[in-house]
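A.B. asks: This is the structure I have questions about; it appears just below.
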């Protein structure tokens, strides 16, 4: 009676060995294989016909102030003389002040020291710098921007 048990054990062992041998021939996923299976990056840009122009966000005599909800490049112009007296790149939620005695202050940083000429009119401009395009597609995440003047506290 031990013979059928021995034969059954040998058949079972051979079947397991055969299955394991076949399984070892499967392709093991590698980093290179994974990258080949990712979708290709594709961007489609469409130019917009609207021309971007600087926008005066605050204008008048001193003291003059504006809080930029969205940061970006700004400049302060003396409208009376037609001269740009300060320019900077500001962060979100940044206060820009123009005052006769202290000059132009971005949050707590003086970018154009005073005193400024009394009685002049000033304007604070927001200057667009991004490409005026509509972009659609799948791509890698963008790199974080460098912190501008007056960044988070």
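A.B. asks: What ranking, highest mean first, results for peptides 57-67, 85-95 when packing means the other Cβ atoms within 10 Å averaged over each residue?
C.D. replies: Those peptides, ordered most packed to least, come out 85-95, 57-67.
A.B. asks: Once both labels are modelled 7 Å past Cα along the beta-carbon direction, what's the residue 130-residue 107 spacing in nm?
C.D. replies: 2.1
A.B. asks: Consider a paramagnetic label point 7 Å from the Cα of residue 92 along Cα→Cβ; state which residues of the range 46-77 have an amide N under 20 Å from it.
C.D. replies: 66-74
A.B. asks: Here's a follow-up. In whole angstrom, how far apart do the alpha carbon centroids of the range 112-133 and the range 87-110 sit?
C.D. replies: Cα centres, the range 112-133 to the range 87-110: 10 Å.
Values in this text are rule-based calculations from the coordinates and carry no lab data. Only a predicted model underlies this, so the values are computations on that prediction, with no experimental measurement involved. Here the Cβ is made from the backbone with ideal geometry for all residues, glycine too, and neighbour counts use every protein chain on show.
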